[in-house]
Amino acid sequence: MRVESLEASGFRNLSSLGLFPSPGANVIYGENGQGKTNLLEAIWIFTGGRSFRGAKDGEMVRLNGGEASLSLSFFSEERKQEICLRLREGKRFFTLNGVKKRSSSEVVGKFCAVIFSPEHLSLVKDGPSGRRQFLDSALCQSRPSFAGLITQYNRTLFQRNALLKDIPRHPELLDTLEIWDMRLSQFGEKMTQGRLQYVEALEPLAAAAYEGISGGRETLSLSYEKGYEDSLSKALSESRREDMRFGHTGKGPHRGDLAIRLNGVPARSFGSQGQQRSAVLALKLAEAELLKRFTGEEPVILLDDVLSELDSGRQEYLLNHLEGRQVFLTCCSPEPARRLQEGKRFFVEKGNVLETPPPDPEKERNPGISQ
Ligand SMILES: Nc1ncnc2c1ncn2[C@@H]1O[C@H](COP(=O)(O)OP(=O)(O)OP(=O)(O)O)[C@@H](O)[C@H]1O
Ligand SMILES: [Mg+2]
(Lines give C-alpha, C1' and ligand atoms only; values in the text may rest on other atoms or scores of the structure.)
(Ligands and ions follow the chains in the order given, each with its own letter.)
Protein backbone atom coordinates (compact mmCIF):
# COMPACT_ATOMS: atom_id res chain seq x y z
CA MET A 1 0.00 0.00 0.00
CA ARG A 2 1.40 3.39 -0.88
CA VAL A 3 0.15 6.90 -1.36
CA GLU A 4 0.88 8.17 -4.87
CA SER A 5 -0.66 11.59 -4.47
CA LEU A 6 -2.84 13.61 -2.15
CA GLU A 7 -4.87 16.66 -3.04
CA ALA A 8 -6.68 18.74 -0.48
CA SER A 9 -8.51 22.02 -0.32
CA GLY A 10 -10.44 23.65 2.48
CA PHE A 11 -9.02 21.15 4.98
CA ARG A 12 -8.06 22.70 8.36
CA ASN A 13 -5.33 25.33 7.85
CA LEU A 14 -3.82 23.63 4.78
CA SER A 15 -3.57 25.69 1.61
CA SER A 16 -4.72 23.89 -1.55
CA LEU A 17 -2.17 21.20 -1.94
CA GLY A 18 -0.93 18.52 -4.30
CA LEU A 19 1.49 16.18 -2.61
CA PHE A 20 3.57 13.54 -4.41
CA PRO A 21 5.30 11.59 -1.67
CA SER A 22 8.15 9.13 -1.88
CA PRO A 23 7.24 5.42 -1.71
CA GLY A 24 9.70 5.20 1.21
CA ALA A 25 10.27 7.75 3.95
CA ASN A 26 8.71 11.22 3.96
CA VAL A 27 9.79 13.75 6.55
CA ILE A 28 7.38 16.61 7.19
CA TYR A 29 9.01 19.38 9.19
CA GLY A 30 8.16 22.86 10.37
CA GLU A 31 7.50 24.90 13.48
CA ASN A 32 4.66 24.38 15.93
CA GLY A 33 1.16 25.10 14.73
CA GLN A 34 2.00 25.16 11.00
CA GLY A 35 -0.08 22.21 9.79
CA LYS A 36 2.09 19.07 10.03
CA THR A 37 -0.39 17.01 12.05
CA ASN A 38 -3.18 18.36 9.84
CA LEU A 39 -1.39 16.86 6.86
CA LEU A 40 -1.21 13.43 8.52
CA GLU A 41 -4.87 13.74 9.44
CA ALA A 42 -5.66 14.46 5.78
CA ILE A 43 -4.12 11.08 4.91
CA TRP A 44 -5.55 9.18 7.89
CA ILE A 45 -9.12 10.24 7.11
CA PHE A 46 -9.06 7.95 4.05
CA THR A 47 -8.86 4.88 6.26
CA GLY A 48 -12.50 5.68 7.04
CA GLY A 49 -11.68 5.62 10.74
CA ARG A 50 -12.37 8.25 13.34
CA SER A 51 -9.94 11.12 13.82
CA PHE A 52 -6.88 10.05 15.82
CA ARG A 53 -7.16 13.35 17.69
CA GLY A 54 -10.78 12.77 18.60
CA ALA A 55 -11.87 15.61 16.30
CA LYS A 56 -15.39 15.85 14.93
CA ASP A 57 -15.72 15.82 11.14
CA GLY A 58 -16.98 19.40 11.13
CA GLU A 59 -13.82 20.62 12.85
CA MET A 60 -11.67 19.46 9.96
CA VAL A 61 -13.23 21.88 7.49
CA ARG A 62 -11.42 25.22 7.38
CA LEU A 63 -12.87 27.63 9.92
CA ASN A 64 -15.51 29.78 8.21
CA GLY A 65 -15.20 27.60 5.10
CA GLY A 66 -18.10 25.68 3.58
CA GLU A 67 -16.55 22.37 2.72
CA ALA A 68 -13.31 20.49 2.37
CA SER A 69 -12.50 18.29 -0.55
CA LEU A 70 -9.71 15.76 -0.66
CA SER A 71 -8.57 13.01 -2.96
CA LEU A 72 -6.06 10.28 -2.48
CA SER A 73 -4.46 8.17 -5.21
CA PHE A 74 -2.89 5.07 -3.85
CA PHE A 75 -1.47 1.80 -5.04
CA SER A 76 -3.07 -1.28 -3.56
CA GLU A 77 -4.14 -4.75 -4.72
CA GLU A 78 -1.66 -4.30 -7.58
CA ARG A 79 -3.48 -1.35 -9.07
CA LYS A 80 -3.93 2.35 -8.75
CA GLN A 81 -7.03 3.36 -6.83
CA GLU A 82 -8.60 6.63 -5.84
CA ILE A 83 -10.77 7.75 -2.99
CA CYS A 84 -12.38 11.20 -3.10
CA LEU A 85 -13.89 12.73 -0.03
CA ARG A 86 -15.98 15.79 0.62
CA LEU A 87 -16.58 17.03 4.15
CA ARG A 88 -19.67 19.12 4.43
CA GLU A 89 -21.92 20.09 7.32
CA GLY A 90 -20.19 17.58 9.55
CA LYS A 91 -20.70 14.68 7.13
CA ARG A 92 -18.37 12.67 4.90
CA PHE A 93 -19.16 11.86 1.27
CA PHE A 94 -16.93 9.27 -0.37
CA THR A 95 -16.35 7.94 -3.83
CA LEU A 96 -14.10 4.93 -4.38
CA ASN A 97 -12.68 4.59 -7.89
CA GLY A 98 -15.41 6.89 -9.12
CA VAL A 99 -18.27 4.99 -7.44
CA LYS A 100 -20.32 6.80 -4.79
CA LYS A 101 -20.30 5.16 -1.35
CA ARG A 102 -23.05 5.56 1.17
CA SER A 103 -20.96 5.58 4.34
CA SER A 104 -17.42 5.55 5.69
CA SER A 105 -17.76 1.88 6.53
CA GLU A 106 -17.85 1.06 2.82
CA VAL A 107 -14.32 2.39 2.33
CA VAL A 108 -12.85 0.90 5.52
CA GLY A 109 -10.13 -1.57 4.63
CA LYS A 110 -9.45 -0.08 1.17
CA PHE A 111 -6.72 2.28 2.30
CA CYS A 112 -4.91 1.03 5.39
CA ALA A 113 -2.66 3.00 7.70
CA VAL A 114 -1.30 2.78 11.21
CA ILE A 115 -0.90 5.98 13.18
CA PHE A 116 1.34 6.85 16.08
CA SER A 117 0.49 10.15 17.74
CA PRO A 118 1.69 11.49 21.09
CA GLU A 119 -1.70 10.62 22.61
CA HIS A 120 -0.86 6.97 22.06
CA LEU A 121 1.79 7.19 24.76
CA SER A 122 -1.12 6.60 27.13
CA LEU A 123 -0.91 2.98 25.93
CA VAL A 124 2.07 2.57 28.21
CA LYS A 125 1.57 5.41 30.70
CA ASP A 126 -2.08 4.99 31.67
CA GLY A 127 -4.34 2.26 32.96
CA PRO A 128 -5.41 -0.93 31.16
CA SER A 129 -8.49 0.34 29.32
CA GLY A 130 -6.42 1.93 26.51
CA ARG A 131 -4.48 -1.31 26.08
CA ARG A 132 -7.69 -3.36 25.88
CA GLN A 133 -8.95 -0.92 23.28
CA PHE A 134 -5.71 -1.25 21.30
CA LEU A 135 -6.05 -5.04 21.25
CA ASP A 136 -9.73 -4.99 20.40
CA SER A 137 -9.50 -2.47 17.59
CA ALA A 138 -6.50 -4.29 16.08
CA LEU A 139 -8.45 -7.54 16.33
CA CYS A 140 -11.51 -5.99 14.70
CA GLN A 141 -9.40 -4.88 11.71
CA SER A 142 -8.08 -8.35 11.10
CA ARG A 143 -11.22 -10.24 12.18
CA PRO A 144 -14.41 -8.22 11.62
CA SER A 145 -16.63 -10.71 13.55
CA PHE A 146 -14.75 -9.76 16.72
CA ALA A 147 -16.63 -6.43 16.87
CA GLY A 148 -19.94 -8.31 17.23
CA LEU A 149 -18.51 -10.46 20.00
CA ILE A 150 -17.41 -7.38 21.98
CA THR A 151 -20.89 -5.88 21.63
CA GLN A 152 -22.51 -9.10 22.86
CA TYR A 153 -20.14 -9.34 25.80
CA ASN A 154 -20.66 -5.72 26.82
CA ARG A 155 -24.43 -6.00 26.54
CA THR A 156 -24.47 -9.12 28.69
CA LEU A 157 -22.14 -7.54 31.21
CA PHE A 158 -24.41 -4.51 31.43
CA GLN A 159 -27.43 -6.73 32.06
CA ARG A 160 -25.64 -8.83 34.67
CA ASN A 161 -24.56 -5.66 36.49
CA ALA A 162 -28.11 -4.31 36.44
CA LEU A 163 -29.33 -7.59 37.86
CA LEU A 164 -26.69 -7.56 40.60
CA LYS A 165 -28.02 -4.19 41.70
CA ASP A 166 -31.65 -5.41 41.67
CA ILE A 167 -31.12 -8.66 43.60
CA PRO A 168 -30.97 -7.11 47.13
CA ARG A 169 -34.48 -5.71 46.58
CA HIS A 170 -35.78 -8.69 44.60
CA PRO A 171 -34.09 -11.86 45.91
CA GLU A 172 -36.30 -13.97 43.63
CA LEU A 173 -34.14 -12.75 40.72
CA LEU A 174 -31.15 -14.68 42.03
CA ASP A 175 -32.05 -17.69 39.87
CA THR A 176 -31.74 -15.71 36.65
CA LEU A 177 -28.16 -14.78 37.51
CA GLU A 178 -27.17 -18.32 36.50
CA ILE A 179 -28.30 -17.69 32.93
CA TRP A 180 -26.42 -14.42 32.63
CA ASP A 181 -23.31 -16.01 34.08
CA MET A 182 -23.46 -18.73 31.47
CA ARG A 183 -23.85 -16.28 28.58
CA LEU A 184 -21.17 -13.98 29.93
CA SER A 185 -18.71 -16.88 30.24
CA GLN A 186 -19.41 -18.01 26.69
CA PHE A 187 -18.77 -14.60 25.13
CA GLY A 188 -15.99 -13.80 27.58
CA GLU A 189 -13.99 -16.96 26.92
CA LYS A 190 -14.15 -16.31 23.17
CA MET A 191 -12.95 -12.76 23.70
CA THR A 192 -10.10 -13.94 25.87
CA GLN A 193 -9.17 -16.54 23.26
CA GLY A 194 -9.05 -13.87 20.54
CA ARG A 195 -6.94 -11.51 22.60
CA LEU A 196 -4.56 -14.27 23.69
CA GLN A 197 -4.01 -15.38 20.11
CA TYR A 198 -3.48 -11.81 18.97
CA VAL A 199 -0.92 -11.09 21.69
CA GLU A 200 0.86 -14.34 20.91
CA ALA A 201 1.21 -13.26 17.27
CA LEU A 202 2.08 -9.66 18.19
CA GLU A 203 4.75 -10.44 20.77
CA PRO A 204 7.62 -11.67 18.52
CA LEU A 205 6.99 -8.84 16.04
CA ALA A 206 6.92 -6.16 18.74
CA ALA A 207 10.04 -7.64 20.33
CA ALA A 208 11.85 -7.55 16.98
CA ALA A 209 10.74 -3.96 16.33
CA TYR A 210 11.90 -2.90 19.79
CA GLU A 211 15.22 -4.60 19.27
CA GLY A 212 15.66 -2.61 16.05
CA ILE A 213 14.70 0.70 17.67
CA SER A 214 16.94 0.19 20.70
CA GLY A 215 19.85 -1.01 18.60
CA GLY A 216 19.66 -4.46 20.23
CA ARG A 217 20.41 -3.09 23.69
CA GLU A 218 17.04 -3.70 25.32
CA THR A 219 14.27 -6.26 25.16
CA LEU A 220 10.50 -5.94 25.12
CA SER A 221 8.11 -8.69 26.10
CA LEU A 222 4.32 -8.86 26.09
CA SER A 223 1.80 -11.02 27.83
CA TYR A 224 -1.95 -10.94 28.16
CA GLU A 225 -3.47 -11.02 31.63
CA LYS A 226 -7.03 -12.18 31.14
CA GLY A 227 -8.68 -10.62 34.19
CA TYR A 228 -9.59 -13.88 35.94
CA GLU A 229 -8.04 -17.19 36.86
CA ASP A 230 -8.92 -20.60 35.41
CA SER A 231 -12.30 -20.46 33.70
CA LEU A 232 -14.60 -17.44 33.61
CA SER A 233 -17.62 -19.43 34.79
CA LYS A 234 -15.68 -20.57 37.85
CA ALA A 235 -14.46 -17.02 38.51
CA LEU A 236 -18.00 -15.65 38.23
CA SER A 237 -19.48 -18.16 40.63
CA GLU A 238 -16.65 -17.67 43.10
CA SER A 239 -16.97 -13.89 43.10
CA ARG A 240 -20.77 -13.86 43.08
CA ARG A 241 -21.16 -12.82 46.72
CA GLU A 242 -18.71 -9.96 46.29
CA ASP A 243 -20.27 -8.90 42.98
CA MET A 244 -23.68 -8.66 44.65
CA ARG A 245 -22.22 -6.54 47.42
CA PHE A 246 -20.61 -4.06 45.00
CA GLY A 247 -23.30 -4.27 42.32
CA HIS A 248 -20.90 -4.97 39.49
CA THR A 249 -18.85 -7.76 37.95
CA GLY A 250 -15.30 -7.86 39.28
CA LYS A 251 -13.81 -10.57 37.05
CA GLY A 252 -13.72 -10.97 33.29
CA PRO A 253 -12.08 -9.76 30.08
CA HIS A 254 -13.29 -6.23 30.87
CA ARG A 255 -10.55 -6.39 33.50
CA GLY A 256 -7.93 -7.84 31.15
CA ASP A 257 -4.62 -6.13 30.50
CA LEU A 258 -1.70 -6.27 28.14
CA ALA A 259 1.45 -6.40 30.23
CA ILE A 260 4.36 -4.60 28.55
CA ARG A 261 7.79 -5.28 29.99
CA LEU A 262 11.14 -3.74 29.09
CA ASN A 263 14.16 -5.75 30.15
CA GLY A 264 11.79 -7.84 32.27
CA VAL A 265 10.20 -5.01 34.31
CA PRO A 266 6.89 -3.20 33.70
CA ALA A 267 7.34 -0.38 31.17
CA ARG A 268 4.69 1.71 32.90
CA SER A 269 6.49 1.93 36.24
CA PHE A 270 10.13 1.66 35.23
CA GLY A 271 10.44 2.82 31.60
CA SER A 272 12.06 6.17 30.80
CA GLN A 273 10.28 8.63 28.48
CA GLY A 274 12.27 7.48 25.47
CA GLN A 275 11.83 3.82 26.35
CA GLN A 276 8.08 4.19 26.78
CA ARG A 277 7.87 5.98 23.45
CA SER A 278 9.93 3.24 21.82
CA ALA A 279 7.65 0.58 23.31
CA VAL A 280 4.51 2.19 21.89
CA LEU A 281 6.23 2.53 18.53
CA ALA A 282 7.21 -1.12 18.59
CA LEU A 283 3.58 -2.06 19.29
CA LYS A 284 2.39 0.07 16.38
CA LEU A 285 4.98 -1.33 13.97
CA ALA A 286 4.05 -4.85 15.06
CA GLU A 287 0.37 -4.05 14.53
CA ALA A 288 1.24 -2.90 11.00
CA GLU A 289 3.15 -6.13 10.35
CA LEU A 290 0.22 -8.27 11.49
CA LEU A 291 -2.18 -6.25 9.38
CA LYS A 292 0.09 -6.92 6.44
CA ARG A 293 0.02 -10.65 7.09
CA PHE A 294 -3.73 -10.55 7.19
CA THR A 295 -4.49 -8.28 4.23
CA GLY A 296 -1.36 -8.94 2.17
CA GLU A 297 -0.75 -5.18 2.03
CA GLU A 298 1.76 -3.17 4.01
CA PRO A 299 -0.18 -0.36 5.70
CA VAL A 300 1.12 3.18 5.39
CA ILE A 301 2.84 4.29 8.61
CA LEU A 302 2.04 7.73 10.00
CA LEU A 303 4.31 8.90 12.81
CA ASP A 304 3.33 12.20 14.38
CA ASP A 305 5.98 13.90 16.44
CA VAL A 306 7.65 10.63 17.26
CA LEU A 307 11.27 11.74 17.31
CA SER A 308 11.30 13.96 20.38
CA GLU A 309 12.84 12.20 23.40
CA LEU A 310 14.51 9.63 21.16
CA ASP A 311 18.29 9.49 20.98
CA SER A 312 20.05 9.72 17.63
CA GLY A 313 20.39 5.94 17.21
CA ARG A 314 16.63 5.46 17.62
CA GLN A 315 15.85 8.39 15.32
CA GLU A 316 18.21 7.03 12.70
CA TYR A 317 16.43 3.63 12.80
CA LEU A 318 13.04 5.24 12.17
CA LEU A 319 14.35 7.48 9.43
CA ASN A 320 16.36 4.97 7.49
CA HIS A 321 15.51 1.41 8.45
CA LEU A 322 11.78 0.90 8.03
CA GLU A 323 12.46 -0.74 4.69
CA GLY A 324 9.70 -1.60 2.30
CA ARG A 325 7.18 0.64 4.02
CA GLN A 326 5.89 4.05 3.19
CA VAL A 327 6.35 6.28 6.21
CA PHE A 328 5.22 9.85 6.89
CA LEU A 329 6.99 11.33 9.86
CA THR A 330 6.55 14.80 11.30
CA CYS A 331 9.05 16.75 13.38
CA CYS A 332 9.79 20.35 14.33
CA SER A 333 13.46 20.55 13.57
CA PRO A 334 14.88 20.34 10.03
CA GLU A 335 17.72 18.20 11.39
CA PRO A 336 16.10 14.77 10.82
CA ALA A 337 15.20 15.81 7.27
CA ARG A 338 18.91 16.30 6.70
CA ARG A 339 19.73 12.88 8.05
CA LEU A 340 17.27 11.15 5.78
CA GLN A 341 19.28 9.02 3.37
CA GLU A 342 16.52 8.40 0.85
CA GLY A 343 12.98 9.66 0.48
CA LYS A 344 11.46 13.14 0.41
CA ARG A 345 11.31 16.17 2.68
CA PHE A 346 8.42 18.58 3.02
CA PHE A 347 8.53 21.90 4.80
CA VAL A 348 5.24 23.14 6.26
CA GLU A 349 4.67 26.81 7.00
CA LYS A 350 1.31 28.48 7.63
CA GLY A 351 -0.49 25.60 5.98
CA ASN A 352 1.71 25.62 2.85
CA VAL A 353 3.48 22.36 2.12
CA LEU A 354 6.67 22.70 0.13
CA GLU A 355 8.91 19.88 -1.06
CA THR A 356 12.53 20.74 -0.27
CA PRO A 357 15.53 19.33 -2.11
CA PRO A 358 17.92 16.94 -0.38
CA PRO A 359 20.86 18.67 1.26
CA ASP A 360 23.94 19.09 -0.87
CA PRO A 361 26.58 16.73 0.62
CA GLU A 362 29.37 19.04 -0.52
CA LYS A 363 27.88 21.96 1.40
CA GLU A 364 27.25 19.76 4.45
CA ARG A 365 30.93 18.84 4.57
CA ASN A 366 32.20 22.41 4.01
CA PRO A 367 29.47 24.62 5.34
CA GLY A 368 31.54 27.79 4.84
CA ILE A 369 32.40 27.23 1.21
CA SER A 370 29.45 28.92 -0.47
CA GLN A 371 29.46 32.02 1.73
N1 LIG B 1 -10.59 23.86 10.97
C2 LIG B 1 -9.50 24.65 10.97
N3 LIG B 1 -9.47 25.75 10.17
C4 LIG B 1 -8.38 26.54 10.16
N5 LIG B 1 -7.27 26.32 10.88
C6 LIG B 1 -7.26 25.25 11.68
C7 LIG B 1 -8.35 24.35 11.77
N8 LIG B 1 -8.06 23.38 12.64
C9 LIG B 1 -6.83 23.66 13.08
N10 LIG B 1 -6.34 24.78 12.51
C11 LIG B 1 -5.04 25.41 12.73
O12 LIG B 1 -4.03 24.49 12.40
C13 LIG B 1 -2.90 24.73 13.21
C14 LIG B 1 -2.39 23.48 13.85
O15 LIG B 1 -1.95 22.64 12.92
P16 LIG B 1 -1.23 21.32 13.35
O17 LIG B 1 -1.87 20.70 14.50
O18 LIG B 1 -1.13 20.51 12.11
O19 LIG B 1 0.17 21.90 13.78
P20 LIG B 1 1.57 21.17 13.81
O21 LIG B 1 2.38 21.69 12.68
O22 LIG B 1 1.36 19.71 13.88
O23 LIG B 1 2.17 21.75 15.17
P24 LIG B 1 2.94 21.04 16.39
O25 LIG B 1 4.37 20.97 15.98
O26 LIG B 1 2.73 21.99 17.49
O27 LIG B 1 2.30 19.71 16.61
C28 LIG B 1 -3.32 25.65 14.33
O29 LIG B 1 -2.70 26.90 14.17
C30 LIG B 1 -4.81 25.72 14.20
O31 LIG B 1 -5.30 26.96 14.53
MG1 LIG C 1 1.46 18.39 15.45
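The values are calculated or read from the model by the stated rules, or taken from the named source; none is laboratory data. Because the structure is a prediction, the values reported are computed rather than measured. Cβ sites come from the backbone with ideal geometry, for glycine too, and all protein chains shown count toward neighbours. Calculation scope for accessible area: heavy atoms of the full protein, side chains included, ligands and nucleic acids excluded. Shrake-Rupley method; radii C 1.70, N 1.55, O 1.52, S 1.80 Å.
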What does the charge dipole of the chain about its Cα centre add up to, to the nearest 20 debye, if the Cβ of each Lys and Arg holds +1 and the Cβ of each Asp and Glu holds -1? 860 debye
For segment 155-246, which trypsin sites (Lys or Arg not before Pro) are in a loop by DSSP, counting at most 12 other Cβ atoms within 10 Å? ARG169, ARG217
Sticking to Cα atoms, compute the Rg of segment 123-268 to one decimal and its Dmax as the biggest Cα-Cα distance, whole number, in Å. 17.7, 63
Of all DSSP beta bridges located in the chain, what percent are antiparallel, nearest 5? 75 percent
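On the accessible surface of the chain, probed at 1.4 Å, how many percent belong to carbon and sulfur atoms? Display every interim value, and only then the final one.
On the way: 9090 of 18410 Å².
C and S atoms contribute 49 percent here.
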So what does THR95 come to for accessible area, using a 1.4 Å probe and Å² rounded to 10? 40 Å²
Mind ranking GLU309, GLU289 by accessible surface for me, highest first, 1.4 Å probe? GLU309, GLU289
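Please calculate how many Å² of accessible area segment 1-144 carries per residue, with a 1.4 Å probe and no DNA, RNA or ligand atoms counted.
On the way: 6730 Å² over 144 residues.
For segment 1-144, the per-residue accessible area is 47 Å².
Could you put ASP305, ASP181 in order of accessible surface area, largest first, with the 1.4 Å probe and the full protein assembly present? Write down the numbers at each step before the final one.
Working: ASP305 55, ASP181 15 Å².
So the residues, ranked largest to smallest area, are ASP305, ASP181.
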The helix 128-142 Cα axis meets the longest alpha-carbon principal axis of the chain at an angle in degrees, between 0 and 90 and rounded to 10, of 70 degrees
Identify all lysines with a Cα-Cα distance to LYS350 below 24 Å; exclude those on the same chain that are fewer than 8 residues away in sequence. LYS36, LYS56
Connecting every pair of Cα atoms under 10 Å apart in the chain and solving the GNM, the largest mean-square fluctuation among ILE28, ILE179, ILE43 falls on ILE179
Cα-based Rg / Dmax (Å) for segment 1-133: 15.2, 44
Express the C-alpha Rg of the chain as a ratio against the empirical globular expectation 2.2 N^0.38 Å, rounded to two decimals. 1.13
Estimate the FRET efficiency between LEU173 and SER122 by the formula 1/(1 + (r/R0)^6), using the beta-carbon distance for r and 22 Å for R0, to the nearest 0.05. 0.05
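Heavy atoms only, probe 1.4 angstrom, no DNA, RNA or ligands counted: give me SER185, SER333 ranked by accessible area, highest first.
SER333, SER185
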